[in-house]
Amino acid sequence: MKTRGFEICTKYENQGIKLPQRQTLASAGYDLEAAEDVVIPSIWCLNFVRIFRLIRNGHELNEQDFEFAEKCLKPTMIHTGIKAYMPEDEMLIIANRSSNTVKRFLNLPNGIGVVDSDYYNNPNNEGELMVQVLNYGVRPLHIHKGDRIAQGIFMKYLKTDNDQPVKRERIGGFGSTMLKGEN
């Protein structure tokens, strides 16, 4: 019987995707690799700098300015081609690798990602793990297929004495709170 682990997503089968591995005997995290090449633009080269100048010079921003800035500052999603299964009382934490900030100027804008057990095999994206990143360096960053980009750490979590979860099923994919029975 399977307890916890990783599997390759259907759309990435036969594409040379490797399952995450711990790099030493004492490593807590399983290194997640990029499933494909991707270029992550520098935030300093995005058009949001125009908005920054307006703010710095005391100009009033309008709704169009806000929408423009929000569109420019979207994180880049890096596909891993893998999914994780675990018991119901566990989660997978997606954390940055310590070398990413020092060597690559790469940041996870959400700090950490929390992958719930019911994300596995969801109908929207099969539960594929994706890592959202921002490049705060001044140059575009080229990530190659197979580059280690983050780490996954399985953890148990605790429930309160009066825990009363909503009895719904997850139907959405990444970043979704959409549950069966909601619009």
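Reported count of residues in segment 104-119, each being of a type outside the set (Asp, Glu) and either closer than 17 Å to Thr3 by Cβ or assigned to a loop (DSSP other than H, G, I, E, B) (or both), is 9. Note on segment 58-103: among residues that are loosely packed, with under 14 Cβ neighbours inside 10 Å and among the acidic types (Asp, Glu), the one that is nearest to the chain's Cα centre (by Cα) is Glu70.
Quick one: in segment 83-98, of everything that is closer than 23 Å to Leu134 by Cβ and not in a strand (DSSP E or B), which residue is modelled with the highest pLDDT? The qualifying residue modelled with the highest pLDDT is Arg97. Exactly one residue out of Thr101, Thr3, Thr24 is in contact with a strand residue (DSSP E or B) (Cβ under 9 Å, 6 or more places away or on another chain) and in a loop (DSSP other than H, G, I, E, B), and it is Thr3. When segment 104-133 is limited to residues that are surrounded by 18 or more Cβ atoms within 10 Å (Cβ to Cβ) and aliphatic (A, V, I, L, M), the one that is nearest to Ile8 (Cα to Cα) turns out to be Leu129.
With respect to the stated conditions, Pro41 is surrounded by 11 or more Cβ atoms within 10 Å (Cβ to Cβ), out of contact with any Lys or Arg (no Cβ under 6 Å at 6 or more places or on another chain), farther than 30 Å from Lys159 by Cα and not acidic (Asp, Glu). On the stretch given as segment 1-18, residues that are in contact (Cβ under 8 Å) with a residue 24 or more places away in the chain and either of a type in the set (S, T, N, Q) or surrounded by fewer than 12 Cβ atoms within 10 Å (Cβ to Cβ) (or both) total 5. Residues in segment 129-144 that are among the hydroxyl-bearing types (Ser, Thr, Tyr) and in contact with a Leu (Cβ under 6 Å, 6 or more places away or on another chain): there are none.
Restricting attention to segment 28-65, report how many residues are in contact (Cβ under 8 Å) with a residue 60 or more places away in the chain and either part of a loop (DSSP other than H, G, I, E, B) or not hydroxyl-bearing (Ser, Thr, Tyr) (or both). Number of matching residues: 16.
The values are calculated or read from the model by the stated rules, or taken from the named source; none is laboratory data. The structure displayed is predicted, hence computed values, not measured ones. All Cβ positions, glycine included, derive from the backbone under ideal geometry; neighbour counts span all protein chains shown.
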